[in-house]
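Data block below; observations after.
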Amino acid sequence: MKKMLNVAVIGGGPAGCAFSCFCQKAKITVFEKNEPLKTLLYTGGGRCNLAHAEFDIKDLARNYPRGEKFLYSVFYRFSTSDTLKFFKSLGIDTYVQNDKRIFPKTDKASDVRDAMLEKLKKGHVDFIRENVVKLEKCADVFLLNDKYEFDKVVIATGGHAGYSLAQNLGHNIIEPKPSLVGLITLEKFNLEGVSLRNTCMRVKNLKKTLVGDLIFTKNGISGPLAYIVSSLFARATYDESNPIELTIDFGCINLVEMLDKNGKKDVKNCISEIVPKSVAEYIVNHAEVEGKKCFEITKDKRKILEKFLNEFPVNVVGHEKHGEVVTCGGVDLKEINPKTMESRIVDGLYFCGEVADIDGFCGGFNLQNAWSTAYVAADGVLCSRCGL
Ligand SMILES: Cc1cc2nc3c(=O)[nH]c(=O)nc-3n(C[C@H](O)[C@H](O)[C@H](O)COP(=O)(O)OP(=O)(O)OC[C@H]3O[C@@H](n4cnc5c(N)ncnc54)[C@H](O)[C@@H]3O)c2cc1C
């Protein structure tokens, strides 16, 4: 009888634990320097947005500024519906929110975590609480931290750590940069905490209009819409002399008619019917029409107000230094086989999750990447055994 494959998983986050759930025909040891699946607890504000209701593989892959083409074959093997089936098999029922984000029915990330850990308890999976700082390959055997030997190793260390393990085995690391992060603007809005729902935003030199929720922060903007911009521009250089030029369209169709109809009304109150009151205050201040009635607004000022309402300017000059949701960059995808997630440089070494140079927008795409690459890596490990 064949001896069971002895596999080490470095990193017990969503990707490493999903791999261990999928690879139960092997003997698995998960090395986790922290609590297993701790990162999952913070996802989706504690609700765990575990997938996105996009069932077409190409449309799903379009949500990954890094990794789109690589993910075609990965998603062909395991995508949204497989994620839902997998969680159903663990006893986790899900629901789809209006914006297509998928959550567990209980809205508790801890339930998803508990269900995965329960599954691992029943399998051939051991956890060792240890930081892996050294990984070598001697002949056909991997040596971890100078003391543990394994047939195969999976690196699932996420977006902040573990790059040196891959680098020391000859892999190229695409420089990590924050993505899905708050943005710093040239404008000092003084609108901290004000949120805009379902807002349309245009980006100079980008053809499509972006839509989503936005929140003003102390230094600029954040929220899903700002995250899309941060993700699209994660590799770009921008600063005060070369900002990312954005405009918000508040959808004001006919300002002239509105001002005429409300002649005696204070212009700020009139504009507050289109935008939140504090934003209206900012606009009338900048258009220098504070305290004026609608009928007092001259033609030139009407033009200025109209521009603010249809092309409210936001110039992005930097991003926040902390608090990014994902990292863009990681192990170069040219060095990973998308059919198996095996390294093209070191036989028997696999990657899954955010450690690879894959990152998606906000909305469940990053966890989908963790589940899908974990599945393909598990299949890759098991098939290497059967010689397929
Ligand atoms: C606040 C927040 C909210 C988020 N919400 C969502 C969401 O709702 N939906 C979504 O799709 N995505 C979300 N994401 C992104 C998502 O959490 C990540 O993409 C996902 O966790 C990546 O999984 P991973 O297993 O690859 O990496 P990680 O989750 O980072 O896990 C890696 C694990 O490896 C361990 N580790 C690292 N190096 C070593 C080492 N050398 N030795 C031992 N252990 C090691 C770490 O301790 C960690 O537990 C969110 C991210 C954040 C920060």
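Looking only at segment 67-118, count how many residues are of a type in the set (Lys, Arg) and either under 16 Å from TYR375 (Cβ atoms) or touching a Ser or Thr at 6+ places or on another chain (Cβ under 8 Å) (or both).
Counting residues in segment 67-118 that are of a type in the set (Lys, Arg) and either under 16 Å from TYR375 (Cβ atoms) or touching a Ser or Thr at 6+ places or on another chain (Cβ under 8 Å) (or both) gives 4.
Answer with yes or no whether LYS25 is at pLDDT below 95 and more than 7 Å from the ligand (Cβ to nearest atom).
yes
Could you check segment 87-167 for strands (runs of 3 or more DSSP E) lying wholly inside it with 2 or more residues that are in contact (Cβ under 8 Å) with a residue 24 or more places away in the chain, under 27 Å from the mean Cα position of the chain (by Cα) and farther than 14 Å from SER20 by Cβ?
Once the strands (runs of 3 or more DSSP E) in segment 87-167 are filtered for at least 2 residues that are in contact (Cβ under 8 Å) with a residue 24 or more places away in the chain, under 27 Å from the mean Cα position of the chain (by Cα) and farther than 14 Å from SER20 by Cβ, what remains is 94-96, 101-104.
For the subset of segment 233-291 comprising residues that are free of Cβ contacts under 8 Å to residues at least 12 places away in the same chain and small (Gly, Ala, Ser), which member is nearest to PHE308 (Cα to Cα)?
SER272
Sort out for me the strands (runs of 3 or more DSSP E) sitting completely within segment 291-388 that have 2 or more residues that are within 21 Å of SER20 (Cα to Cα).
Where strands (runs of 3 or more DSSP E) fall fully within segment 291-388 and carry at least 2 residues being within 21 Å of SER20 (Cα to Cα), they are 349-351.
Provide a single number: the residues in segment 32-68 that are assigned to a helix (DSSP H, G or I), near the ligand (Cβ under 7 Å from one of its atoms) and of a type in the set (D, E, K, R).
1
Which condition number does GLU342 fail, the rest of (1) more than 13 Å from the ligand (Cβ to nearest atom); (2) among the acidic types (Asp, Glu); (3) in contact (Cβ under 8 Å) with a residue 60 or more places away in the chain; (4) in the same structural domain as GLN97 (by TED's automatic domain parsing) being met?
(3)
Please tell me if PHE216 is within 24 Å of HIS319 (Cβ to Cβ), buried (at least 17 other Cβ atoms within 10 Å of the Cβ), modelled with pLDDT of 95 or more and of a type in the set (Phe, Trp, Tyr).
When the stated conditions are applied, PHE216 passes them.
Identify, by number, the condition in (1) more than 14 Å from ASN366 (Cα to Cα); (2) in contact (Cβ under 8 Å) with a residue 12 or more places away in the chain that ASP59 doesn't meet.
Here ASP59 clears every test but (2).
The values are calculated or read from the model by the stated rules, or taken from the named source; none is laboratory data. Just so it is clear, the model here is predicted, and its values are computed rather than measured. Don't worry about glycine lacking a Cβ; one is built from the backbone with ideal geometry, like all the others, and counts go over all protein chains shown.
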